[in-house]
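Following: one structure in structure tokens, then a few remarks.
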Amino acid sequence: RAKMLKLLQRTHCSWAYTGTRCRGSCLGVTRPTQKSLSPSSSSHNPLCPRNRHQSNDHPSRPADRPFSAMAAAPPDSAKLLGVHCLSFSADADGIRSATKALIADYQKQLDGIAASTGTSGRDLFLSTIGQLADADGHAALKSAELTMPALVGSDPAARAASSEAKKQLQQMWAQAYMRQDLYRQVADASKFAEGPEEQRLVEVMLGKFRFVGAHIEDDAVRKEVARLDARCASLAFEIEQNINEDCTSLVLTEEELEGCSPDFIKSLPKEEDGETPRRRCSVKAPVLVPIMKRATRPETRRKMMEVNQRQCMDKNGPLLAELVETRQKAAKLIGFPSHADRMLKPKMAADLKTAQDFCEQMLAKVSSLRDAEMQRLLNRKLSNSNASGEPPSKKSKISDEKLNAWDLSFYSDILKREELSLDDEKLKEFFPLEGTIERLLSIYTELLGLHFVKTTSLPTWHEDVITFEVKRDGNVMGHLYLDQFPRDGKFGHQMIVPLAPSFVNTASGRRCVPACANISNLPRGQGDKPALLRFEEMRTLFHELGHAMHCLCTTTRFSLLSWAWPMVPWPGGVEQDFLELPSMALEKYASEPTLLARVAKHYSGAEGPGAPRLGQETIDKIKMLDKFMVGCGQSRYFSMALFDLLLHSQEAPYKFGEHNNLSLEELHRKCLEEHTKFEQLKDTHPCASWYHLVIGYDAGYYGYGWSDVYAADAFATLLAHPKGSMSPEAGAKLRDEILGPCATRSGSEMLRRFLGREPTPDAWCRRMGITE
């Protein structure tokens, strides 16, 4: 490969830039200027890298990919670093060897920085902090192709190797920021930072060193902290991968699925082991949620909930207990009272008391709403009619006179249909996946000035993946990937994963543009219908695309201040309790009547008189969903957030109120029963399959609520914009004050600048229907 790169440099070969895999860029090789390739010169040339990419990587990719109505073109990225420099096709051996090489190269660069002498002033800053920032940026970019297979790969061996690579890279960065020689060099050079962004970089960088104990003088203590943190990373990866690999399911008869739609039942895998028709039901959301909402038999719902809450408990239960204990030991060695105190130090909340008080205050605010909603649900359960107003059949007759945890989704769905006349099954016909994404992206184009150009020239990992080049004012801002459907071994929920950070190489001035992937598990088409989104799935998609906009609008000079979160091994990103704020503010557009009128289009495509359309009355009722059953939902969320803080601020056995000597599972049960008022299932362990405890949200789950409360304040400011809430002017303010700066400013500063004042929870309470 090195010989080929030299050859390309000498010959300036006309096809050196393929628009896909600029491997030389990642190795620091200057790329020849891109020369135009006309269709006639390359379309039938088997030596053209563009054609090799299409034929080798996507042999089964159809020509008419989704979003065919959108422009398609190769990326205009010849002078840029980014995801187009990567490849996601390595097998297990390739991942292992590339990981080893990356770690060796990164450590060599750090050794050089630590050993540098004889410089001072600005030269010292550039040779230490500047070179460390460059090393971080290039390693972060390269790491994406090594760690993504763990989340999306089809080959079990590659997934295992990728999971191990992620663990090794996490350890690489942890060890780097624990080096005392490097810490001293950075501390000495920090006083030569120029301008707010470099000063912010210094503040964050030194904080990273201190977070892992680099300031500790005792070598033995530092080594023990490193060992404990490495063990924590190993345990977290093992737990996460166990969840990813888990395919827990429950076989039910079609009779037990009574109440679910026929199309849904037919879409479930059929079991041919008897005369009675039986279906295999996964506990992943696309299957679990419809069953919990529509299966009329309480026993069916109870069994599904029980199987779901026992997922991974035998494998992950002991691992999680060890992980929590080890986190506590490491935190105390560094000098923190608890792991929660350690994790909260770099966040907006800053300390345990502030975060815990916030959760308890919000639980108190929503308690009256929760109690009123539970009474409504119980009354509906006890009424002598089902959702259609007819007497219940013997099969669906209630078996008790209390509200159970497995009743919540079912009776909430009934009340939603009865009181709001909103039927998820009918409503989703207006949100076909492909058209909905097109229209959502067009709204982000209008609001933020971003243009999404579909391209088949970027490297991908599966034929389902759709890719976009993102531009603003004619310049490439980044790249967006959409991987929407479930697969065995794939991450089981929905999230945005960073693929490339934003940074500028301090030596060459070459920019790396950010990239991210939306990993989803949305339902595929059923029967003759295309993939359709429930309203909540559409809202979640808008939320996740909000994260993508945060990533793509980032223009930071240093990867440490670029958009990232702990799902990736490289360090970076805003404070974690600010991370969700932009996406939660943008998500609130999803129920605004003006947006719904533009986004909701029937999957049939029919137009004209008599064509199905989402009427104004229905749109107004969707707006009412903002306050529907929020008391129960918010009570559950904040009780989980409080449990997370309690778990990570104590040593086992745990205490909750007057209850002592509790196990982890018992602490979880007591906390939820106290604040949700639902009796929890016995002999289950929901935390064993709870991703957030092992993907960087330990003692940080409260951050979703923290972000949401202040996102409501930000959204109210957008709604009040004199030019209109979806105007380019409103979007420019959001982009310039919140999205673009990313971590170059603190979350508190960004929020104050955007609002023009200190934030308050008042707007959130109004949205929830809470009056004080």
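Observations
- Measuring max minus min along each principal axis, the C-alpha atoms of region 410-507 give extents of 63, 36, 25 Å (largest first).
- Full extension of the chain between GLU607 and LYS345 gives 88.8 nm of extra length, using 0.36 nm per residue less the Cα-Cα distance.
- Directionally averaged shadow of the chain, computed from the convex hull of its alpha-carbon atoms, nm²: 35.4
- Local electrostatic count, GLY527, Cβ distance below 9 Å [Lys/Arg +1, Asp/Glu -1]: 0
- From the alpha carbon centroid of region 698-724 to that of region 516-532 is 28 Å.
- Taking each of LYS167/LYS471; LYS191/LYS345; LYS191/LYS347; LYS166/LYS588; LYS329/LYS588 in turn, the alpha-carbon distance tops 31 angstrom for LYS167/LYS471; LYS166/LYS588; LYS329/LYS588.
- When each full DSSP H helix of the chain is screened for a Cα extent of at least 20 Å along its own axis and an average Kyte-Doolittle hydropathy of at least -0.5, the helices passing are 92-115, 131-147, 195-211, 219-245, 313-334, 352-382, 433-448, 535-553, 630-647, 702-719.
- Using a simple spin-label model with pseudo-atoms 7 Å out from Cα toward Cβ, LYS266 and ARG439 lie 2.6 nm apart.
- Taking region 513-534 and a reference point 7 angstrom along Cα→Cβ of GLU463, the backbone N atoms nearer than 18 Å belong to 524-525, 531.
- Region 338-375: trypsin sites (Lys or Arg not before Pro) in DSSP loop, at most 12 other beta carbons within 10 Å: none
- Fraction of accessible area attributable to carbon and sulfur, the chain (%, probe 1.4 Å): 51
- Expected-Rg normalisation [2.2 N^0.38 Å, Cα atoms] applied to region 213-315: 1.68
- Relative contact order [Cα under 8 Å, 6+ residues apart], the chain, whole percent: 16
- Charge sum, other residues only, whose C-beta stays under 15 Å from ALA104's C-beta, Lys/Arg counted +1 and Asp/Glu -1: +2
- Probe 1.4 Å, protein heavy atoms only - accessible area per residue of region 159-295 in square angstrom: 44
- Each residue, ALA220 and ARG280, gets one label point 7 Å from its Cα in the Cβ direction; the gap between the two is 5.5 nm.
- Structure-based [θ]222 nm, the chain - -39500 (n - 2.57) summed over DSSP H runs of at least 4, per residue, nearest 500: -15500 deg cm²/dmol
- Taking all protein chains into account, the per residue accessible area for region 406-498 stands at 28 Å² (1.4 Å probe).
- DSSP beta bridges in the chain [antiparallel fraction, %, rounded to 5]: 80
- Two-decimal Rg to Rh for region 557-622 - Kirkwood Rh, Cα set: 1.26
- Interchain or long-range residues, amide H under 5 Å from LEU499's placed H: ALA515, CYS516, ALA517
- Heavy atoms of GLU679 accessible to a 1.4 Å probe, total area in Å² rounded to 10: 100
- Mean-position separation - Cα centroids, region 78-142 and region 732-772, in angstrom: 35
- Partners for LYS677 among aspartates and glutamates (Cα-Cα distance below 14 Å; same-chain residues under 8 apart left out): ASP371, GLU373, ASP407
- The length gained by stretching the chain between SER508 and ARG210 to full extension, at 0.36 nm per residue less their Cα-Cα distance, is 104.3 nm.
- Loop-located GluC sites (Glu not before Pro) in region 242-325 whose Cβ has at most 13 other Cβ within 10 Å (DSSP): GLU255, GLU272, GLU275
- Label point of ASP123 set 7 angstrom out along Cα-Cβ; within region 156-192, amide nitrogens under 19 Å from it belong to 185-192.
- Selection of trypsin sites (Lys or Arg not before Pro), region 593-625, meeting DSSP coil and at most 16 other Cβ within 10 Å: ARG613
- Region 84-133, Cα convex hull volume normalised per residue, Å³: 74
- Quotient of Cα Rg and 2.2 N^0.38 Å for region 547-589, N being how many residues it contains: 1.15
The values are calculated or read from the model by the stated rules, or taken from the named source; none is laboratory data. Note that the structure is predicted; figures quoted are calculated from it, not measured. Using ideal geometry, Cβ is built from the backbone for each residue, glycine included, and neighbour counts are taken over all protein chains shown. Just so you know, the surface numbers come from the protein's heavy atoms only, side chains and all, with ligands and any DNA or RNA stripped out. Shrake-Rupley method; radii C 1.70, N 1.55, O 1.52, S 1.80 Å.
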